[in-house]
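Before any comments, here is the structure.
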Amino acid sequence: MSLATAPEPPAAFEWRRWPETESVVNELVQQALAGNAFAHRLAERMTPETGTIIQNWLDHLVVSAPPSFGSQLIGLGYERQAATYAVGVALYAHPGAIFPRIAHAPGAKGVTIVKDLAIKVESAAAFSGAHDLGLKLQGYPLGPYRFARVSGDATDLVVVERRGYLGFEAYPSEPARLGLMKPHAARDALAARDLWLARQRRFDDDAEGFSLTEALVGDVIDLAGSRDLACHLIFEVERDYWQSRNRAAQVQKARQDRLGLGWANHDHHTFRCSRRFFPRVMRIFQRLGFELRERFHAGEHAGWGAQILEHPTTGIVIFADLDLAPDEATHDFARHALPELPKLGTVGLWVALHGESILEAGMHHLEAQFEFDALRDGLKAEAGVETMAPFSNFPFLRQAFTAGERWPVAPHRADLALAKGWITADQRDKFVRDGALGSHLENLQRREGFKGFNQQAVSAIIAATDPRLH
């Protein structure tokens, strides 16, 4: 489908809460942990050492159960998939919430057994090395699906790494038909990743930067062999670039790497964009396979809006921010560029001072799924990293930024902002001398499968991070 004929996104997404589904999934997880001593110890270590719980890392469950189990899952909001886990093993996914997929294998009447508890990691090899397990890895290096098993008395812990693939074949028999890399094409995957890693980010003219970046996306897709794999590789690089500019991220990544987990608990990636180039950013993401989700206009006094995008294969979610005026609630800003505003809001000023997220600046923040209090307390105790007050504090959704970290501001950017009347002379001098808020790590705790965001609360934190206030 061409971008010109793409349908309008729905005006609003009503993401439900699913407490009964969460309860059933948690019961299955607890049964699995009781059946695997290593997995049980791992789950116990996760909260104090990484500020996470094992539910933050689930990829899928394989459950042996009577036929009625499938009907129970459907009643809990799951849908049966056209694809199967294996011959005779049905696969269920929950389209309206954040829950793991569940494979239902035929089982004895009245007996439910969790055969596999699968967790997602960035590297199964790194996980094995972190725990000195010497695991035998199944799947091709840098392939679509790689995993290793840690056997237990009743349940196996399966450690999974994925690259743009939702299936369960470590050695797919028809990779071309599935849109996957060829079995021995790791060299091409590395080369595709390096194309994006080596790209130029700073340009005198952002229009030139966007043209070169859009062309490069096509080159990465061609070399990777599929847009799904290209998306996975590009966002690996984007997380690394953001992490290189954020101390809280470096501290937390090291904590998660000590357990061999990586950033596989990412929830969404936030890009800040100018009004002028916003449709071009959307075009880049859609070329990688992203689909438009809900669109935010945060109200008459908020001064900002956002387009949410989700990738159906990799599961990557993007929160793309821009300045919006009060009368632009119905404007299709994802497809049509907006004129420059006489006064910049928080997002526009951030872009003016640091650059476009897709170019020079990199992401504003990564939000990952954590156990809220454990992460906040752990970061402070281990590295003195402070956390701002929560801007969502509900039983089903808690959110807070780590304290903002300043980035230097190039004099030519501050001079341009002054010349356009966006900042005062005093602000210009202060930004050049002291820098301006650049990035955060976001602490997110979800419950009841809630997949949405708190629009009013996000407006509060957007306002609170305006560089002019710091």
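The values are calculated or read from the model by the stated rules, or taken from the named source; none is laboratory data. These numbers were taken from a predicted model, which means no experiment stands behind them. Here Cβ is always computed from backbone atoms with ideal geometry, including for glycine, and neighbour counts include all displayed protein chains. Surface areas here come from the heavy atoms of the whole protein model, side chains and all, with no ligands, DNA or RNA. Shrake-Rupley method; radii C 1.70, N 1.55, O 1.52, S 1.80 Å.
For residue 35, only one of the following conditions fails: (1) touching an Asp or Glu at 6+ places or on another chain (Cβ under 7 Å); (2) closer than 30 Å to residue 308 by Cβ. What is its number?
Only one criterion in (1) touching an Asp or Glu at 6+ places or on another chain (Cβ under 7 Å); (2) closer than 30 Å to residue 308 by Cβ is unmet by residue 35, namely (2).
Filtering segment 63-82 down to residues that are out of contact with any Gly (no Cβ under 7 Å at 6 or more places or on another chain) and aliphatic (A, V, I, L, M), which residue is nearest to residue 453 (Cα to Cα)?
Only one residue fits best here, namely 76.
From (1) at pLDDT below 95; (2) part of a strand (DSSP E or B), pick out the condition that doesn't hold for residue 59.
(1)
Looking at 93, 176, 126, 148, which one is modelled with pLDDT of 95 or more and out of contact with any Phe, Trp or Tyr (no Cβ under 8 Å at 6 or more places or on another chain)? Give the derivation first.
Details: 93 fails: out of contact with any Phe, Trp or Tyr (no Cβ under 8 Å at 6 or more places or on another chain); 176 fails: modelled with pLDDT of 95 or more; 148 fails: out of contact with any Phe, Trp or Tyr (no Cβ under 8 Å at 6 or more places or on another chain).
One residue alone meets the criteria, 126.
In segment 350-369, how many are out of contact with any helix residue (DSSP H, G or I) (no Cβ under 7 Å at 6 or more places or on another chain) and within 18 Å of residue 251 (Cβ to Cβ)?
So the count comes out to 3.
Given (1) touching a strand residue (DSSP E or B) at 6+ places or on another chain (Cβ under 6 Å); (2) over 25 Å from residue 120 (Cα atoms); (3) in contact (Cβ under 8 Å) with a residue 24 or more places away in the chain, identify the lone condition not met by residue 383.
Failing condition for residue 383: (1).
Yes/no per residue for (1) in a strand (DSSP E or B); (2) among the charged types (D, E, K, R); (3) buried (at least 21 other Cβ atoms within 10 Å of the Cβ); (4) at pLDDT below 95:
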site	(1), (2), (3), (4)
412	no, no, no, no
426	no, yes, no, no
441	yes, no, yes, no
456	no, no, no, yes
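Results for (1) assigned to a helix (DSSP H, G or I); (2) surrounded by fewer than 21 Cβ atoms within 10 Å (Cβ to Cβ); (3) at pLDDT below 95; (4) touching a His at 6+ places or on another chain (Cβ under 9 Å), shown as yes or no for each residue.
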| residue | (1), (2), (3), (4) |
| --- | --- |
| 187 | yes, yes, yes, no |
| 192 | yes, no, no, no |
| 200 | no, yes, no, no |
| 220 | yes, no, no, no |
| 233 | yes, no, no, no |
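In the set 463, 419, which member is open to solvent by 30 Å² or more (accessible area, probe 1.4 Å), among the aliphatic types (A, V, I, L, M) and at pLDDT 90 or above?
Going through 463, 419 in turn, just one is open to solvent by 30 Å² or more (accessible area, probe 1.4 Å), among the aliphatic types (A, V, I, L, M) and at pLDDT 90 or above: 419.
Are any of the residues in segment 322-343 surrounded by 21 or more Cβ atoms within 10 Å (Cβ to Cβ) and either of a type in the set (Val, Ile, Thr) or at positive phi (or both)?
As a first pass, look at segment 322-343 and keep what is surrounded by 21 or more Cβ atoms within 10 Å (Cβ to Cβ): 322-324, 333-334.
Next, from what is left, pick out any that are either of a type in the set (Val, Ile, Thr) or at positive phi (or both): none.
No, segment 322-343 contains no residue that is surrounded by 21 or more Cβ atoms within 10 Å (Cβ to Cβ) and either of a type in the set (Val, Ile, Thr) or at positive phi (or both).
So, residue 143, is that one crowded, with 19+ Cβ neighbours inside 10 Å and over 27 Å from residue 21 (Cβ atoms) or not?
Yes: the conditions hold for residue 143.
Out of curiosity, is residue 119 farther than 22 Å from residue 53 by Cβ and among the hydrophobic types (A, V, I, L, M, F, W, C)?
Working: farther than 22 Å from residue 53 by Cβ: no; among the hydrophobic types (A, V, I, L, M, F, W, C): yes.
No, not satisfied.
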